[in-house]
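Worksheet: the structure to be examined is printed underneath.
Laboratory data are not the source of any read-out in this text; all were calculated from the coordinates shown. Source: prediction; values computed, not measured. Neighbour counts run over all protein chains shown; Cβ positions are idealised from the backbone, glycine included.
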Amino acid sequence: MTGKSKASPGRPRKPDPVAPPAFPVLRKFGPHRTEMRLLGPADRDTLLKFFRSHTRETIHLRYGYELSHMTEERAAELVGVDQTRDAAIGIFEHDQEVPLVAIGRYCLKPGGTSAEVAFVVREDRRRLGIATALLSALLAIAASRGLETLDAQVLRENQPMLEIFFGLGGVKSAIPGTGEVTVTIDIRKALRNLGRRRQH
């Protein structure tokens, strides 16, 4: 005997456990030193500053419609989520006038095995790997909680975001009557793809 146990025939193999990120995570993106951490109620005013710094194009690509104002109450809801159920992460540069430079979040969907994911990165911090880092952290959190998929609603014109999702194995489906698609990401598959990237 080798001492290795074999799975019983017909019984699915239980996925290996995934550890969530150990926040805060300190990392450089290009020349910029950042801190990634969970958002909390104390970040309300910082979130408001972050929203006010967005261009109209960023708001359109993130929300799909013109959103000219965010109330203090709405900002408090967005940073005050139950982090044991949902997830809200921010990336900060503390030497900036607006220290929050990116946000990623997911909201658990009915059924408990899937969540809706979204994120936004400040215009002058794009194409540095920040969005992929946020998505990687959200995938790890979701996997550690036993979720199977993440879904994102993305405008067809938002090609940079679609490229990130497709690069991790995302599968798109049209939303009839809209300019959006839903991209479904298999969490385990996406984490394996990220692992392969790190090896090269």
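What to note about this one:
- Given R0 = 35 Å, the distance between the Cβ atoms of Lys189 and Glu35 translates into a calculated FRET efficiency of 0.75.
- Remark: relative contact order (segment 25-199) = 17 percent; criterion is Cα-Cα distance under 8 angstrom and separation of 6 or more residues.
- The trypsin sites (Lys or Arg not before Pro) of segment 111-166 meeting both criteria, a DSSP state outside H, G, I, E and B (loop) and at most 12 other C-beta atoms within 10 angstrom of the site's C-beta, are Arg127.
- For the chain, the 222 nm mean residue ellipticity estimated from helices alone, with every DSSP H stretch of n ≥ 4 adding -39500 (n - 2.57) and the total spread over all residues, rounds to -9000 deg cm²/dmol.
- In plain terms, the chain from Arg27 to His69 could stretch by 12.0 nm, reckoned as 0.36 nm per residue minus the Cα-Cα distance.
- Computed log10 I(q)/I(0) for segment 25-199 at 0.12, 0.16, 0.18 Å⁻¹: -0.54, -1.01, -1.31, from the Debye equation with unit scatterers placed on every C-alpha and solvent omitted.
- Environment charge of Ile164, counting only residues whose C-beta is closer than 13 Å and scoring Lys/Arg +1, Asp/Glu -1: +3
- 27 Å Cα-Cα threshold exceeded, pairs from Lys49/Lys189; Lys49/Lys172; Lys28/Lys49: Lys49/Lys189; Lys49/Lys172
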